[in-house]
Amino acid sequence: MYGTVREIIESLEKYKDKDQVVLMPLWGIDDVLSLKVAESATKEQASRALVLAGRSHDGEHGINWSVLENAIETVMSEDVKEEKA
């Protein structure tokens, strides 16, 4: 699942048993911006990279640092192409 903090909280509130164990790895904009390849990235680009990673990652491998790195590189590359167009 990906979404805003508000959307994730709403999703979690659907659990009736608040002590139920769940697993939900959590990645944020700061994680993306911490990547060396994202040194010049904006928060908006990092946000778009998270959405891209959430929509396109391989379910067998999940989301990891490599997926985030590829996503931010893709977003930044697309922005450069748009600037040149």
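Quick look at the numbers
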item: Complete set of residues in region 1-29 that are closer than 19 Å to HIS57 by Cβ and either among the acidic types (Asp, Glu) or in contact with a strand residue (DSSP E or B) (Cβ under 6 Å, 6 or more places away or on another chain) (or both); result: GLU7
item: Region 1-10, subset within 15 Å of the chain's Cα centre (by Cα) and of a type in the set (Val, Ile, Thr), residue nearest to ALA46 (Cα to Cα); result: THR4
item: Residue match in region 51-73 (condition: among the hydrophobic types (A, V, I, L, M, F, W, C) and more than 11 Å from the chain's Cα centre (by Cα)); result: no
item: Residues being surrounded by 13 or more Cβ atoms within 10 Å (Cβ to Cβ) and of a type in the set (D, E, K, R) - total across region 7-37; result: 1
item: Residues of region 38-85 that turn out to be part of a loop (DSSP other than H, G, I, E, B) and surrounded by 11 or more Cβ atoms within 10 Å (Cβ to Cβ), as a count; result: 5
item: Single residue of region 11-37 satisfying the filter (polar (S, T, N, Q) and part of a loop (DSSP other than H, G, I, E, B)) that is farthest from the chain's Cα centre (by Cα); result: GLN20
item: Close pairs from region 7-19: first farther than 24 Å from VAL51 by Cβ, partner part of a helix (DSSP H, G or I) and at pLDDT 95 or above, Cβ under 8 Å, at least 6 apart; result: none
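The values are calculated or read from the model by the stated rules, or taken from the named source; none is laboratory data. Bear in mind that the values here come from a model prediction, so they are computed numbers and not experimental data. All Cβ positions, even for glycine, are placed from backbone atoms using ideal geometry, and neighbour counts span all protein chains on display.
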